[in-house]
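The values are calculated or read from the model by the stated rules, or taken from the named source; none is laboratory data. Keep in mind that this is a model prediction, so the values were computed, not measured. Here the Cβ is made from the backbone with ideal geometry for all residues, glycine too, and neighbour counts use every protein chain on show.
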Amino acid sequence: MASVPTQADVVIIGAGPSGAIAAALLRQRRYSVVVLERQHFPRFTIGESLLPHCMEYLEEAGMLEAVQRQGFQFKDGAAFGWGERYVYYDFREKFTAGPGTTFQVDRGRFDKVLADEASAQGADIHYGYTIDSLDVDGDPVRVGYTGEQGQKGEIACRFVFDASGFGRVASRLLDLEQPSSFPVRHAVSTHIDDHIDDPSFDRNKILITVHPVERDVWYWLIPFSDGRCSTGVVATPEKIALRAGPEPVDTFRNFLAEAPVLAKLLHKADFRYPSRQLAGYSASVKKLAGERFALLGNAGEFLDPIFSSGITIAMRSASIGVALLDRQLQGETVDWHAEYEQPLRAGVETFRVFVEFWYNGLFQDVLFFPDQAASVRKMISAILAGYAWDTKNPFVAQPQRRLQALADFCKPEVAGQ
């Protein structure tokens, strides 16, 4: 096992998608990069349905061809079901220019591909290391760590990117955590051999199913290319407790029994893989960056998995953050609040509005509204495809006002549904 260097230009905490993208982009600019990752890859994590906007960042980091060679499940849109109702959005038919297709991925393999590509570009990645301390007030920045064999050390660097995801290392060590504005929700998930025999089922799209009665409860079904699916349910802790079984998979199957259309689709499924329950995943922080550190993706703020926005936000944050850091290390003055946090949060705010409207049922009214105008569908499709920063899209420029007006028009009592 190679020893961890005592100094580097940049230290990245975490080798997931945002950390790997940041590492590759930094190496393109010839900076020395050390990545410390607590786990060993491949490792399990959810968030398997990418958005097309991600493809631009994979290409920027020089990783797109490596991902394309893996044979991941092609994805061209998102489908939504509620009882017997079914609608879908084709991401190639969207308001914003850019890729319209992407992949649905086994994250263990996907994340390892990205990390290996970053390593091949010269990033020095070390697995099995936990961050103990972080001093960003001095020059240089000092990052203290402990290896899984008990070895301790410290790296001196010029800047730190926290890409630790749900570990949220920097926000914890720097006392940046604050409660999320979202209600607490839990996710129960598993992988299955789906054995879906319905010829109308479209494996090229994620399927989001709304509970027939409790509209704040929803299920995901993400097909993989090998005949498996990622599946799960999201609900409040109280509703999870009402269906709780001996194991998380039993809890999920209790929920599944309440969604007849989805249960019929999965009537031959083999539930033989480990199941998990993720509690209270939403998070927020006081700030996303300072003069010598920045939080990437979920390490800073995570909203909700409903629109699969997490990896898109993570990759975008890496792209913006590295470009700004390059300017700073070249001697320019960078305003991290105005140039990093505010622009990144603008798109996050778009997703936030759509998430809020999902859970209050209004966006569901929009989705299932019959004969939706083609122009409106393209605007919504663009956001569902990840293009939440395109202010030419009215639903990005004014998400709250525009979505509220559309929801008012699509209310069942107004539309005569």
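Could you tell me whether segment 352-372 includes any residue that is within 15 Å of Pro52 (Cβ to Cβ) and either in contact with a His (Cβ under 9 Å, 6 or more places away or on another chain) or among the hydroxyl-bearing types (Ser, Thr, Tyr) (or both)?
No, there is no match, as no residue in segment 352-372 is within 15 Å of Pro52 (Cβ to Cβ) and either in contact with a His (Cβ under 9 Å, 6 or more places away or on another chain) or among the hydroxyl-bearing types (Ser, Thr, Tyr) (or both).
Which condition number in (1) of a type in the set (A, V, I, L, M); (2) within 30 Å of Val366 (Cβ to Cβ); (3) surrounded by fewer than 21 Cβ atoms within 10 Å (Cβ to Cβ) is the one that Ala78 fails?
Among (1) of a type in the set (A, V, I, L, M); (2) within 30 Å of Val366 (Cβ to Cβ); (3) surrounded by fewer than 21 Cβ atoms within 10 Å (Cβ to Cβ), Ala78 violates only (3).
Just one of (1) in contact with a helix residue (DSSP H, G or I) (Cβ under 7 Å, 6 or more places away or on another chain); (2) over 30 Å from Leu256 (Cβ atoms); (3) not polar (S, T, N, Q) trips up Glu56, so point out which.
(1)
If you take the residues in segment 31-75 that are among the hydroxyl-bearing types (Ser, Thr, Tyr) and within 20 Å of the chain's Cα centre (by Cα), which one is farthest from Ala294 (Cα to Cα)? Steps first, answer last, please.
From segment 31-75, those among the hydroxyl-bearing types (Ser, Thr, Tyr) are 31-32, 45, 49, 57; that's our starting set.
Retained after the next criterion (residues that are within 20 Å of the chain's Cα centre (by Cα)): 45, 49, 57.
Numbers: Thr45: 23, Ser49: 25, Tyr57: 18 Å.
Top of the filtered list is Ser49.
Spot the failing condition for Leu403; the list is (1) of a type outside the set (Ser, Thr, Tyr); (2) surrounded by fewer than 19 Cβ atoms within 10 Å (Cβ to Cβ); (3) over 19 Å from Ala97 (Cα atoms), and only one is missed.
Going through (1) of a type outside the set (Ser, Thr, Tyr); (2) surrounded by fewer than 19 Cβ atoms within 10 Å (Cβ to Cβ); (3) over 19 Å from Ala97 (Cα atoms) one by one, Leu403 breaks only (2).
Quick check on Gln28: is it over 20 Å from the mean Cα position of the chain (by Cα) and either closer than 30 Å to Phe368 by Cβ or surrounded by fewer than 21 Cβ atoms within 10 Å (Cβ to Cβ) (or both)?
yes
Among the residues of segment 148-159, which ones are out of contact with any Leu (no Cβ under 6 Å at 6 or more places or on another chain) and assigned to a strand (DSSP E or B)? Can you show your working first?
First, the residues of segment 148-159 that are out of contact with any Leu (no Cβ under 6 Å at 6 or more places or on another chain): 148-158.
Scanning segment 148-159 gives Lys152, Gly153, Glu154, Ile155, Ala156, Cys157, Arg158.
Looking only at segment 269-316, filter to residues that are among the β-branched types (Val, Ile, Thr) and out of contact with any Leu (no Cβ under 7 Å at 6 or more places or on another chain); which one of those is modelled with the lowest pLDDT?
Ile306
Examine segment 41-58 for a residue that is modelled with pLDDT of 95 or more, farther than 28 Å from Arg228 by Cα, buried (at least 22 other Cβ atoms within 10 Å of the Cβ) and out of contact with any Pro (no Cβ under 7 Å at 6 or more places or on another chain), and state whether such a residue exists.
no
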